[in-house]
Amino acid sequence: MIWKFFTFLVRILDPEKAHNITLLALKYGLHPRLQKIKIKTKINNLEFANPLGIAAGFDKNAEVIKKIHSLNFGFTEVGTITPISQYGNPKPRVFRLEKDKAIINRNGFNNLGMEKAKKKLENYRRKFPVGSEFLVGVNIGPNKDSINRFKDYEVLSQNLSSFADYITINISSPNTPNLRDFHEVKNLKKVVMSVKNGILRSKNTNLVPVFLKIAPDITPDDLEEIIKVSNQEIITGLIISNTTIDREKDLKSSNSKELGGLSGAPLFLKSTNLLSLANQIIKENNLKLYLIAAGGISDCQSAYAKILCGAHLIQLYTSMTYEGPLVANKIIKGLLMLMKRDNILNIDDIRGIIKNPETAMKIAFEGFKQYKS
C-alpha cells in the first residue's frame, strides 16, 4: 500500500525531484523486501540471477546498488560516469509525456564524477566482490567540454574497470554534443582502443567484458559496420538502444516537442526493430556478440518480445516512473508465467526466433499455440 501511495506521489512531482526522492527512499531502506526470483542467464563468464536490469541513468553515482538488488532486478548499470563531475544541461531538463508513457530528457551526463563513483564502488566491492550474485555494470562517457574524449574513455576504464562486472561505452546520448559521431567506424575503433588500453593499464587481471550502447537512430548500414567493428575488437555485446531524437507524429503529450532523448513506450518498436536486425546480422555471419535490449520495456509482454527478437538481457528505466519500484518484480513473475504457458523450460530456447517485433508482441500476449495455428 505504501508503495502505491509513493508511486502516486512521485508522479505528481517534478520528474527530477521525484527521481531524487526515490533514490533517498532506497538509500534509507524504505523499500519492500521481496522474495528473490531467478531466471538464470549467462553471458560469457557472467551469470545473471535474472535477465532484467536497470539501465544507466537511474543510479548515476553508484549510491543504491544493493537496494536495487532488493527490488528483484538481476543487475544494475551505474552512470553515466565522466572523469570530472559536471552539472549537465540547465533545468528543467526532464519532461514526462504522461499520455504517451514516455519521458524526454536532456540531462547531459550530470554526475559527481569518477573519483566519487570510484569510492562508492570500492565500498560496495569490500562486501560484494566482482562476480557476486548481483552484477554491476559501469557506464562511462566523456565530459562535455573535454579536449580529448578518447583520453576520457581511457582514464575511466583504467580507474573503474576493476570494480565492474562489465563496462559500457556510451557513445549514444543525444545530450552531449557530437557524441554520436563515435558511431563512425574510424572514431569507434579509436574509442574501443582507448577503453582497451585503459583496462590493460588497470589493476584488473582479467579483461572485463565491454558492452557498447548505441543509438536507435542509425541506418542498417551503420549497424552492420558497428557489428563488424565490435566483432573484431573487444566488444562483448551491444546495448540496443539509447533514447531517440525522432518524434512520432502521433505523440499526444503537450511537451512532446521538447529537445532531448525520448524514452519509454514510443521507443519500443524502433529499438526492437534494430535489435532484431542486429540479431539477424549476427546469426547470418556466425558471430559471437550478445544483445542487451533497452527501450520501451514496461511489462512482461514487452520483455518477452525483446527476448523473442534476440535479447540476452533486458534493461528498463522509464517504466519505473509509470509503474513504480515494483515493476521488476512484476515483470520477472510475468516472464515465468509466460514461459509456463508456452511450455518453455529454458529461456535460451526462444531467444531470437522471431524477426518481426509486432509478431513477437502478438505471441507474448496470445502464446505460441495461436501463432502456430
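Each value in this text was obtained by applying a stated rule to the coordinates, not by laboratory testing. What you are looking at is a predicted structure, and each value in this text was computed from that prediction instead of being measured. With ideal geometry, Cβ positions are generated from the backbone for all residues, glycine too; neighbour counts draw on all protein chains shown.
Over all alpha-carbon pairs of region 296-373, lay out the pair-distance distribution in 10 Å bins, whole %, shortest bin first.
20, 55, 23, 2
Per residue of the chain, what 222 nm ellipticity follows from adding -39500 (n - 2.57) for every DSSP H run with n ≥ 4, rounded to the nearest 500?
Details: 13 runs with 148 residues, N = 373.
After summing the helix terms and dividing by the residues of the chain, the value is -12000 deg cm²/dmol.
Pick from N204, N61, N286: which is most flexible by mean-square fluctuation in a GNM of the chain where alpha carbon atoms under 10 Å apart are linked?
Residue with maximal mean-square fluctuation among N204, N61, N286: N286.
If the reach is capped at under 19 angstrom between alpha carbons, list the lysines near K60, excluding any in the same chain fewer than eight residues apart.
Counting by Cα, and skipping residues close in sequence, K60 has these lysines nearby: K17, K27, K91, K116, K118, K119, K120, K144, K213.
Averaging sequence separations of C-alpha pairs under 8 Å and six or more residues apart, then dividing by the length of the chain, give the relative contact order as a whole percent.
Numbers: 774 pairs, mean separation 59.8, N = 373.
About 16 percent, as a whole number.
Dimensions of the chain along principal axes (Cα, Å, largest first)?
Projected onto its principal axes, the Cα set of the chain covers 57, 49, 45 Å.
Per q in 0.09, 0.15, 0.21 1/Å, what log10 I(q)/I(0) does a Debye calculation on the alpha-carbon atoms of region 1-121 return?
For region 1-121 at q = 0.09, 0.15, 0.21 Å⁻¹, log10 I(q)/I(0) is -0.29, -0.83, -1.36.
Contour minus end-to-end for F368 and K203, with contour as 0.36 nm per residue of separation and end-to-end as the Cα-Cα distance?
Numbers: separation 165, 0.36 × 165 = 59.40 nm, distance 4.84 nm.
This chain segment gains 54.6 nm when fully extended.
Sort the following peptides by mean Cβ neighbour count (other Cβ atoms within 10 Å, averaged over residues), highest first: 156-168, 223-235. Don't skip to the end; give the middle numbers.
Working: 156-168: 24.4, 223-235: 17.5.
Order by mean packing, descending: 156-168, 223-235.
Just how many % of Cα pairs in region 155-243 lie over 18 Å apart, if you round to the nearest whole percent?
Details: 1574 of 3916 pairs.
More than 18 Å apart: 40 percent of the Cα pairs in region 155-243.
Could you run the Karplus curve 6.51 cos²θ - 1.76 cosθ + 1.60 with θ = phi - 60° over region 252-259 and give me ³J(HN,Hα) per residue in whole Hz, x for Gly and Pro?
3J(HN,Hα) across region 252-259, in whole Hz: 9, 6, 5, 9, 5, 8, 4, 6.
Mind putting together the pair-distance distribution for region 113-157? All Cα pairs, 5 Å bins, whole percent per bin, short to long.
Pair shares across the bins are 5, 19, 24, 21, 14, 10, 6, 1.
When 1/r is averaged over all different Cα pairs and the result inverted, which Kirkwood radius in Å belongs to region 241-373? Mind dumping the intermediate values first?
Working: mean 1/r = 0.0647 Å⁻¹.
The answer is 15.5 Å.
Looking only at I214, I344, I12, which one moves most when the chain is put into a Gaussian network model with springs between Cα atoms under 10 Å?
The residue that fluctuates most here is I12.
Write out the trypsin sites (Lys or Arg not before Pro) in region 19-97 meeting two conditions: DSSP loop, and at most 16 other Cβ atoms within 10 Å of their Cβ.
On the way: sites: K27, R33, K36, K38, K40, K42, K60, K66, K67, R93, R96; in loops: R33, K36, K38, K40, K60, R93.
Loop-located and lightly packed - R33, K36, K38, K40.
Which of the chymotrypsin sites (Phe, Trp or Tyr not before Pro) found in region 74-103 are in a DSSP loop and have at most 10 neighbouring Cβ atoms, other than their own, within 10 Å?
Those that pass, being in a loop and sparsely packed, number zero.
Estimate the FRET efficiency between E16 and N44 by the formula 1/(1 + (r/R0)^6), using the beta-carbon distance for r and 51 Å for R0, to the nearest 0.05.
So the FRET efficiency works out to roughly 0.90.
Considering the zone a paramagnetic label at N286 would reach in this model (a point 7 Å from Cα along the Cα-to-Cβ line), which residues of region 210-247 have amide N under 15 Å from it?
none
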